[in-house]
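No value in this document is a laboratory result; all are computed from the given coordinates. Here the structure is a predicted model, which is why all the values come from computation and not from measurement. Every residue, glycine as well, gets a Cβ built from its backbone with ideal geometry; the counts of neighbours run over all protein chains shown.
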Amino acid sequence: MAVIPGDGIGAEVVAAARQVLDAVADRHHIELDYTGYDWSCQRYLSQGSMMPADGLDRLRDADAILLGAVGWPGVPDHVSLWGLLIPIRRTFRQYVNLRPIRVFEGVTSPVRGARPGEVDLVVVRENVEGEYSEIGGRFGRGFPEEQAVQEAVFTRAGVTRIVDHAFALARTRRSYVTSATKSNGIVHTMPFWDEIVAERAAGHPDVRWDAEHIDALAAKLVLQPERFDVIVGSNLFGDILSDLAAAVAGSIGIAPSANLDPTGTFPSMFEPVHGSAPDIAGQGIANPLGAVWSAAMMLDHLGHPGAAAQIVAAIEASLLDPATRSRDLGGTADTRGVTEALLSHL
Ligand code: NAI
Ligand code: MG
């Protein structure tokens, strides 16, 4: 697999994830081969680009990509995002962005009603089209009548496959899908989205579903997070909801994500939701659980669900003890302490 530690705490949490992967792979007789790439803002500053010109070709044959985080002060965030992450997601048609969220025992959610063990949901975000398109432009720059236009692009094929993915996933869980919409305000793309959701839902009579306007849904995620199972949304709605839900879970440091090409044509990419955290980078105190859980999702995707479940069980166990919880979760452990706890639980 390809490993891109990236910037800041990205490298620290990826190192921890590799230790955990090695331990579990050993027990399950899984052979893991890592190829590391130093693609990052550091590289941009010294060589002028986040990755080499043939970077995507080098990744193409990997079974999976494990990424830490990219971004660093002095390099504009759109450069790090569009110079590495977005090209990987789009070139490799990683059209599903999967973000599981749980409030674990031992973790205090900032939301009073979000009790440990009760909140367990997945945000399924469309990852390659929708609102994040390059179509549009600026007109009349510098004049008072200056305009900016950006087009959202929703395709029947694109909406169908993400909705199908959400329904199939729900079947393996509590069989309940909530679709994020805004068809009262966005009058072309969102009714189109809603129509396709209703069509595809008809093919899954065993899965309960509903649609909620994004604003009301955001409020419900805070007020009744335990109510949700699978939430499916467009690129923009899914992006916002998943960060909101990750905050409900107690710390962004725990939140994992997968960027999947479910067809298996291209490698899928696994990365914690958090960024490079320049404010704590280099101190050895980053919470590695987001990266470790992402690594578990990678094993699951590669066909090793037993090994993946063991990692998640180790995460659960480590969170029960404040001495093995990191500081962002009110504990006292540093990155190494959390990692050692995971290894001993494994
Ligand atoms: P961030 O996620 O890096 O940090 C936000 C806050 O959460 C900080 O106070 C940080 O210390 C804390 N935090 C994050 N992860 C943590 C962990 N594992 N353990 C303990 N505390 C943790 O977001 P921010 O500050 O907005 O962005 C910093 C840089 O990262 C920017 O350049 C941004 O563009 C980039 N970024 C990259 C992402 C990616 O590679 N997928 C995602 C988000 C941000
Ligand atoms: Mg985001």
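If you wrap a convex hull around the Cα atoms of the stretch 120-248, how much volume per residue is inside, in Å³?
Per residue, the Cα convex hull of the stretch 120-248 comes to 119 Å³.
Kindly write out, for the stretch 114-127 in residue order, the coupling ³J(HN,Hα) from the Karplus curve 6.51 cos²θ - 1.76 cosθ + 1.60 (θ = phi - 60°), rounded to whole Hz, with x marking Gly and Pro.
With coefficients 6.51, -1.76 and 1.60, one gets 8, 8, x, x, 9, 8, 7, 9, 10, 9, 9, 9, 5, 10 Hz.
So what are the ³J(HN,Hα) numbers for the stretch 18-27, from phi and the Karplus equation (6.51, -1.76, 1.60; θ = phi - 60°), rounded to whole Hz, Gly and Pro as x?
Along the stretch 18-27, the couplings run 5, 4, 5, 4, 4, 5, 6, 5, 4, 5 Hz.
Can you say what percent of the DSSP beta bridges in the chain, counting only those with both residues inside, are antiparallel? Round to 5.
So the antiparallel bridges amount to about 45 percent of the total.
Per 10 Å bin, what percent of the C-alpha pairs of the chain does each bin hold, from zero upward?
Here the calculated profile for the chain is 5, 25, 33, 26, 9, 1, 0.
Please report the relative contact order for the chain, taking Cα pairs under 8 Å with a sequence separation of at least 6, and give it as a percent rounded to a whole number.
Worked out over the chain, it gives 24 percent.
Could you run the Karplus curve 6.51 cos²θ - 1.76 cosθ + 1.60 with θ = phi - 60° over the stretch 130-138 and give me ³J(HN,Hα) per residue in whole Hz, x for Gly and Pro?
x, 6, 8, 10, 8, 8, x, x, 10
List the residues whose amide H sits under 5 Å from the amide H of Ser179, counting only those 5 or more places along or on another chain, with H placed 1.01 Å from N in the peptide plane.
Asp210, Ala211, Glu212, Val232
Which one of Pro262, Ser276, Ala317 has its Cα pushed farthest toward the positive end of the charge dipole of the chain, where Lys and Arg give +1 and Asp and Glu give -1 at the Cβ?
It is Ala317, whose Cα lies furthest towards the positive end.
What residues have an amide H closer than 5 Å to that of Phe270, excluding those fewer than 5 places away on the same chain, when H is modeled at 1.01 Å from N in the peptide plane?
Ile65, Leu66, Leu67, Asn259
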